[in-house]
1. Take residue 62, project a point 7 Å from its Cα along the Cβ direction, then tell me which residues of segment 79-98 have their backbone nitrogen under 20 Å from it.
2. Got the relative contact order for the chain handy, in percent, Cα pairs under 8 Å and 6 or more residues apart?
3. Report, as a whole number in µm² per second, the diffusion coefficient that Stokes-Einstein gives for the chain at 37 °C and 0.692 mPa s using the Kirkwood radius over alpha carbon pairs.
4. Calculate for the chain the 222 nm mean residue ellipticity that helices alone would give, adding -39,500 (n - 2.57) per DSSP H run of length 4 or more and normalising by residue count, nearest 500 deg cm²/dmol.
5. Grab the Cα-Cα distance for residue 36 and residue 93, subtract it from 0.36 nm times how many residues apart they are, and report the gain in nm with one decimal.
6. Give, as ranges by residue number, the residues of segment 24-64 whose backbone N falls under 20 Å from the point 7 Å along Cα→Cβ of residue 72.
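The numbers here are math on the coordinates, done by the rules we state, and not lab data. Please read these numbers as outputs of a predicted model, since none were measured by experiment. Every residue, glycine as well, gets a Cβ built from its backbone with ideal geometry; the counts of neighbours run over all protein chains shown.
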């Protein structure tokens with residue numbers, strides 16, 4: 001699936017299903033119960049090089065860019081998450097801002 005998305009220089013698709021599942025498990029581990037993504041089904045699609053940012057496809061067809069913290073969070077604002085209605089909306093954000 002990642003090959004269908006036109007990634008830019010800082011982002012790459014996740015081609016390894018095990019890596020994708022690992023990032024999905026990490027997100028689930030980090031989420032406090034009142035986080036915007038808690039209980040949602042997600043699919044890891046892409047990752048930003050040299051950063052902890054991951055783009056997930058959500059169960060309703062929207063996209064979420066998440067900055068993983070690699071910690072169990074208590075604050076519902078973390079991990080930091082931006083929701084986009086579609087891939088084109090995410091891609092339209094200037095690379096330095098995503």
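1. Of the residues in segment 79-98, 79-94, 98 have backbone N under 20 Å from the label point off residue 62.
2. 23 percent
3. Values: Rh = 13.5 Å.
The calculation lands on 244 µm²/s.
4. Only helices count here, giving -6000 deg cm²/dmol.
5. On the way: separation 57, 0.36 × 57 = 20.52 nm, distance 2.08 nm.
Taking residue 36 through residue 93 to full extension adds about 18.4 nm, to one decimal.
6. Only 24-40 fall inside the zone, counting backbone N under 20 Å.
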